[in-house]
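Only one structure is covered here, and it is reproduced in the block below.
The values are calculated or read from the model by the stated rules, or taken from the named source; none is laboratory data. Predicted model only: the values in this text are computed from it and were never measured. Here the Cβ is made from the backbone with ideal geometry for all residues, glycine too, and neighbour counts use every protein chain on show. Ligands, DNA and RNA are excluded from the accessible area calculation, which covers all protein heavy atoms including side chains. Shrake-Rupley method; radii C 1.70, N 1.55, O 1.52, S 1.80 Å.
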Amino acid sequence: MQTLSIVLTCLICLPVGRVCQGLKVFQPLSRVETLERSNVTLVCVMSSEIPLGPVRWYKGAGSERTHFYSGAPKGGDKNDPRVTWTMENPTVNFTITIRDLRFSDTGKYYCEKYKKGDESKPYASGPGVTLTVTACHVPLWFIFILVKVCLFVTINACFCLAVTRETWRKRK
């Protein structure tokens, strides 16, 4: 039965130009849209624990590709401090949560599996998920009203304080 599933996987993989490796990286959501300063979860699930080796998240592709998060960053790579694994001690679920999103987080994120001992190239990679972060813009009319209210409160507070002081002076 195991052999049949490997053969079927190869028949499915080969026609679309993929190398049949027995391991698949699932990133079920192709697009995620959210607001600035919110949190987002990017899903990445492996079809197997084998082969052993690290999983790394990257933002962008080609020359724009940068390390984003992993359990063990290599070389000069650094993890973004706002990111954590969603599951503790992941074995097949390498889903991450990004806190306090910024507009600059907009981009495509790839989850990649590396084979232990051969980390020069990914063993398997997910299709990627495009994250779109929308800036939280406060309407101009709201700012105008807020400034107007603050000025009104400040002027009234100063006036009340001045009247109170004058009243106390007259009583003495």
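Could you tally the net charge around GLU49, taking each other residue with its Cβ under 13 Å from the Cβ of GLU49, Lys/Arg +1 and Asp/Glu -1?
Spelling it out: positives minus negatives among the neighbours equals +4.
Tabulate in residue order the Karplus-calculated ³J(HN,Hα) for the range 39-55, using 6.51 cos²θ - 1.76 cosθ + 1.60 with θ = phi - 60°, rounded to whole Hz; enter x for Gly and Pro.
Ordered by residue, 3J(HN,Hα) equals 10, 9, 10, 10, 8, 8, 10, 8, 6, 7, 7, 9, x, 5, x, x, 10 Hz.
Please sort 74-87, 119-132 by packing, taking for each peptide the average over its residues of neighbouring beta carbons within 10 angstrom, highest first.
Averaged packing, sorted descending, gives the order 119-132, 74-87.
Before I look further, what does the range 44-116 give for accessible area per residue, probe 1.4 Å, in whole square angstrom?
53 Å²
Would you mind computing the Rg to Rh ratio of the range 39-140 from its alpha-carbon coordinates, Kirkwood style for Rh?
Rounded to two decimals, Rg over Rh is 1.00.
Which parts of the range 101-118 would a label at SER47 reach, counting a residue when its backbone N lies under 20 Å from a point 7 Å out along Cα-to-Cβ?
110-116
Skipping prolines and chain starts, which residues have an amide H placed within reach, meaning under 5 Å, of the one on THR134, given they are 5 or more residues away or on another chain?
Close amide H contacts, sequence-distant or interchain: THR34, LEU35, GLU36.
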